[in-house]
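First comes the structure, then the notes that go with it.
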Amino acid sequence: YRIQSDKKVAVCSVHPAEQATVQCLGCIKAKVPISKSYHCTIKCFSDAWQHHRVLHERAAAAMNDGDEIYGRLNSSTSIAVNNNPSQLNPSLSNGMTAIFPATVTQRNGGEIWVEIGRSKTYTPMADDIGHALKFECFVIDAEAKLPVGVPTTLTTSRVIPAPSPTPRRMISVGGIDIPGHPELENRTLFGGTFTVLSYNILSDAYATSEKYSYCPSWALAWTYRKQNLLREIVGYRADILCLQEVQSDHYEDFFAPELDKHGYQALLKKKTTEVYGANVNTVDGCATFFRRDRFSHVKKYEVEFNKAAQSLIDALVPNVQKKTASNRLIKDNVSLIVVLEARFNNQSSDNLGRRQLICVANTHVNIPQELKDVKIWQVHTLLKGLEKIAASADIPMLVCGDFNSVPGSAPHSLLAVGKVEHLHPDLVVDPLGIVRPATKLTHQLPLVSAYAAFGRAGNGLALEQRRKIDPATHEPLFTNCTRDFIGTSDYIFYSADSLSVESLLELLDEEGVRKDTALPSPEWSSDHIALLAEFRCKP
């Protein structure tokens with residue numbers, strides 16, 4: 001039932017817990033969904049205007065091309081609003097015939113309730129926003145077909161609009177700005193371009209109410225987060241997805257089958273379990289997905305740092321120190337390296353008849369900050385493995401993931417510069433002698449950070465992004481934002497001799513993220529933000 005006796009209350013589209021006092025008339029004219037037109041204060045509307053106007057632009061563009069305004073973002077989960085219980089989809093009643101005639105209203109203690117469904121499950125609809133709902137459950141005598149005893153009831157608080165984060169735009173770093181949400185269907189017209197997403201989605205096992213007490217419990221629940229994450233990820237329409245902290249059960253039961261519906265093939269490398277002591281089914285790992293119409297799978301390599309650590313311990317450490325060394329080095333981290341063959345045409349006379357291979361490394365270096373030597377060693381081990389692959393084939397490299405390393409740290413220097421200075425402070429603590437001398441911490445891959453392109457931008461929307469870039473390191477000011485930490489730990493590195501950056505997904509403002517204290521929030525369902533880059537294959 002939906003309560004009808006109280007006045008329906010409009011709620012703010014930015015702060016769903018607040019009652020709306022301002023409505024954008026431009027949204028009404030542009031036929032933007034009504035729930036997105038409400039704001040709690042004039043300041044709220046003013047602060048949101050830079051991103052709010054994107055809704056108007058998208059609505060106008062959609063009217064021009066006949067597309068639904070929000071169909072692109074989540075066409076698979078649209079809901080038809082129907083308030084006549086007799087016309088509801090029969091599947092909602094689980095195939096059961098109604099035992100009682102449809103009840104239109106119910107009066108109880110002065111309240112008027114209108115029946116809106118008769119099923120075991122109910123998904124709130126647009127007309128429910130601002131109203132409370134009541135679920136009533138009867139026990140039925142199977143023979144008499146009559147209710148037994150007193151019904152069980154559950155009443156909700158007011159229904160609020162599903163929070164919808166402001167669309168993030170793809171911004172050209174080559175001189176042409178791409179407005180609106182990532183719309184890259186015509187990439188083949190340019191030839192040889194593709195997009196790569198890297199995103200730590202925050203494993204449910206780590207998303208505890210103790211750690212993220214500032215996030216509403218309903219927004220922290222996996223049942224909510226998984227749908228919000230899927231909607232966001234699918235909306236980016238990336239060709240390659242590199243996700244970290246994907247639980248094995250969520251991969252099997254949710255991400256693999258759901259992304260398969262959108263044309264993605266899936267690969268997963270679970271973390272090893274020598275340290276992990278919880279349910280083996282919930283161990284997380286690195287999952288890589290790619291669009292089957294854009295790439296085909298050639299080969300994969302699975303890197304288990306525990307194996308490399310054991311070999312190192314056996315070779316370098318005296319027997320009396322092996323247990324101490326194991327406790328320091330064995331951390332269950334992994335990397336998934338996938339070699340893909342492009343199905344798109346590079347359209348270059350130099351490349352006619354030649355296979356276009358791309359090597360994509362996806363990793364999560366999840367190591368406590370005090371173990372800087374172990375973190376550097378793992379990154380160096382990964383890079384040495386990629387060097388071997390590069391030596392066997394002339395192949396572009398992409399290295400994506402959450403490295404738990406801030407810009408300027410030794411792991412970041414190793415990735416971005418190819419070496420670590422011998423006086424770097426991260427090298428001071430090295431009880432096992434695995435990172436000194438620093439001269440051995442090098443690699444020959446021509447890697448460059450994709451988002452450093454914003455730091456070099458000199459025009460248009462890309463210039464606006466420079467204020468979100470650290471001028472010293474040319475990296476984003478943050479990709480991870482919790483109550484206790486804000487900084488950058490996620491990167492997309494690429495081999496600059498064979499790839500060039502065409503466009504990047506815009507970064508978030510700290511002020512906008514901090515309005516909900518930190519991440520995760522009702523709008524953004526991870527404590528990290530997604531990174532997305534469009535690359536062009538060089539001839």
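The values are calculated or read from the model by the stated rules, or taken from the named source; none is laboratory data. Bear in mind the structure is a predicted one, so any value in this text is a computation, not a measurement. Heads up, the Cβs are rebuilt from the backbone with ideal geometry, glycines too, and the neighbour counts pull from every protein chain shown. For accessibility, only protein heavy atoms count, side chains too; no ligands or nucleic acids. Shrake-Rupley method; radii C 1.70, N 1.55, O 1.52, S 1.80 Å.
At-a-glance table
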item	result
For segment 267-415, share of DSSP beta bridges that run antiparallel, in % to the nearest 5	75 percent
Rg(Cα)/(2.2 N^0.38 Å) for segment 279-427, N = residue count	1.21
Sequence-distant lysines (8 or more away, or on other chains) whose Cα lies within less than 21 Å of residue 29	none
Rounded if a/c under 1.5, otherwise prolate or oblate - segment 476-515, Cα gyration tensor axes	oblate
Under 19 Å from the Cα of residue 388 - aspartates and glutamates, other chains or at least 8 residues apart	302, 304, 341, 497
Candidate residues 145, 36: accessible-area rank, largest first, probe 1.4 Å	145, 36
Per-selection Kirkwood Rh - segment 344-452 (Cα, Å, 1 d.p.)	15.2 Å
Residue 230 accessible area, assembled protein chains, probe 1.4 Å, Å²	10 Å²
Accessible surface ranking that places the most exposed of 417, 379, 114, 280 first, with a 1.4 angstrom probe	417, 280, 114, 379
Check: segment 288-431 dipole with +1 on Lys, Arg Cβ and -1 on Asp, Glu Cβ, in debye	440 debye
Neighbourhood net charge (13 Å Cβ-Cβ; Lys/Arg +1, Asp/Glu -1) for residue 518	-2
Charge dipole (debye, nearest 20) of the chain; +1 at Cβ of Lys and Arg, -1 at Cβ of Asp and Glu	360 debye
Within-11-Å neighbourhood charge of residue 337 [Cβ basis; K, R +1; D, E -1]	+3
Protein accessible area in segment 356-423, 1.4 Å probe - carbon and sulfur %	57 percent
DSSP bridge orientation in the chain - percent antiparallel, rounded to nearest 5	85 percent
Cβ-derived FRET efficiency at R0 22 Å, residue 253 paired with residue 292, nearest 0.05	0.60
Links that overshoot a 19 Å alpha carbon limit, given the list 226/468; 375/440; 468/515; 375/468; 270/331	226/468; 375/468
Hz values of 3J(HN,Hα) by residue in segment 404-409 - Karplus curve (6.51, -1.76, 1.60), Gly and Pro given as x	6, 9, 7, x, x, 5
Estimated 222 nm signal from helices in the chain, with DSSP H stretches of n ≥ 4 weighted -39500 (n - 2.57), rounded to 500	-6500 deg cm²/dmol
Per residue value of the accessible surface for the chain (all protein chains in place, 1.4 Å probe), Å²	47 Å²
Expected-Rg normalisation [2.2 N^0.38 Å, Cα atoms] applied to segment 11-52	1.01
Whole-number percent relative contact order across the chain, with pairs defined as alpha carbons under 8 Å at least 6 apart	14 percent
DSSP H segments from the chain that extend 18 Å or more along their own axis, Cα-based, with Kyte-Doolittle mean of 1.6 or above	none
Heavy-atom SASA rank of 204, 490, 394 (probe 1.4 Å, accessible area, largest first)	394, 204, 490
Inter-site label distance for residue 387 and residue 152 at 7 Å from Cα along Cβ, in nm	6.3 nm
Carbon and sulfur %, accessible surface of segment 11-52 computed with the full protein complex present, 1.4 Å	62 percent
